[in-house]
Amino acid sequence: VNSTGTDMAVTPNTVYNVKNYGAVGDGSTDDTAAIAATIALGGVTFFPAGTYIHTGLTLAAGTHLKGVGAGHMGLASSTTRRSILKMKNTTNADSITIPDALSYGIIEDIEVDGNKSNNASAGLGIKFTDAASAEECGWEIKKVEIYNTTQVGLYVGTNRQAFYGNHIIVDAAGEHGVQIKGSDATLIKLLV
C-alpha cells in the first residue's frame, strides 16, 4: 500500500525479509511456516544473517531466495555474514525441492545444511525432481554451499534442461555430491 492507501502491485524486485514475517533465525526455532509464508508473497525472499531451521521447502516457479552470504568452507568465518537454511532434527526429508513444470527461479548467497547427523534416513540438499518429459529448468543457483546431506547434495533430475550453477560448493554429501540426469547444465566454479 502506498502513501495514498492504494494497493501497489507486487513486482519481481520486491524484497521481503523473512524476519518481518515471523522467522527468527536463531538456530533452534522452527521457521518453516514463516519462510513458506514469505515465499508465497513472491518477489525476493531475503534471509538476513542467521540459521533458519526448517522441515523442507518446496519452491514455486519464480521463487527467488537470497541470503547475505555462504561461508561454511571458510569464505566467511563469522555467522554474521552467513544465511543458513538448516534441516530440523529427525525430519528425514529433502531440504529444498523444486517440482517439475517449474521453469525458473534463483537461489543465491545461502548455505543449505542437511543436518545429516540428525537426519539419517533421507535427505537431498537441493532437488530438481525428475520431469515426465523434457522441460526447461531455467533455475540459477549462485554462491550456494550445500553440506551435511544424507544423500545427494545437488540433484538435477531426468528431463530437466538448462540448469545454471555458478560458484556452488558441495561438501560432506552422503551418496553423491552432485548428480545431474538432465541435459544442457552449465556449472561454473563447482567445488565438490
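Part of a loop (DSSP other than H, G, I, E, B), at pLDDT below 85 and under 18 Å from residue 94 (Cβ atoms): does that describe residue 174?
yes
Rundown of residues vs (1) at pLDDT 95 or above; (2) open to solvent by 50 Å² or more (accessible area, probe 1.4 Å), yes/no style:
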position	(1), (2)
9	no, yes
52	yes, no
57	yes, no
61	no, no
77	no, yes
105	no, no
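Could you grab me the full set of residues in region 35-50 that are under 13 Å from the mean Cα position of the chain (by Cα) and open to solvent by 30 Å² or more (accessible area, probe 1.4 Å)?
Across region 35-50, the qualifying residues are 36, 46.
Among the numbered conditions (1) modelled with pLDDT of 75 or more; (2) assigned to a strand (DSSP E or B); (3) of a type in the set (Val, Ile, Thr), tell me where residue 158 comes up short.
(2)
Where residues in region 112-153 are among the hydrophobic types (A, V, I, L, M, F, W, C) and assigned to a strand (DSSP E or B), which of them is nearest to residue 70 (Cα to Cα)?
Selected residue: 144.
Which count do you get for residues in region 15-34 that are open to solvent by 30 Å² or more (accessible area, probe 1.4 Å), part of a helix (DSSP H, G or I) and in contact with a Pro (Cβ under 8 Å, 6 or more places away or on another chain)?
1
Taking only region 120-140 into account, find how many residues are buried (at least 22 other Cβ atoms within 10 Å of the Cβ) and either more than 20 Å from residue 185 (Cα to Cα) or modelled with pLDDT under 90 (or both).
Final tally of qualifying residues: 4.
Kindly indicate whether residue 83 is touching a Pro at 6+ places or on another chain (Cβ under 8 Å) and either surrounded by fewer than 16 Cβ atoms within 10 Å (Cβ to Cβ) or under 21 Å from residue 18 (Cβ atoms) (or both).
Criteria met by residue 83.
Which of (1) touching a residue at least 60 places away in the same chain (Cβ under 8 Å); (2) over 22 Å from residue 15 (Cβ atoms); (3) in contact with a His (Cβ under 8 Å, 6 or more places away or on another chain) is the odd one out, the single condition residue 143 does not satisfy?
Residue 143 satisfies every listed condition except (2).
If a residue has to be polar (S, T, N, Q) and modelled with pLDDT under 90 to count, how many in region 79-93 make the cut?
Kept after step one, since they are polar (S, T, N, Q), are these residues of region 79-93: 79-80, 83, 89-92.
Now restrict to residues that are modelled with pLDDT under 90: 79-80.
So the count comes out to 2.
The values are calculated or read from the model by the stated rules, or taken from the named source; none is laboratory data. Note that this is a predicted model, so its numbers are computed, not measured. All Cβ positions, glycine included, derive from the backbone under ideal geometry; neighbour counts span all protein chains shown. The protein model used for the area step is the full one, side chains on, heavy atoms only, and it has no ligands, DNA or RNA in it. Shrake-Rupley method; radii C 1.70, N 1.55, O 1.52, S 1.80 Å.
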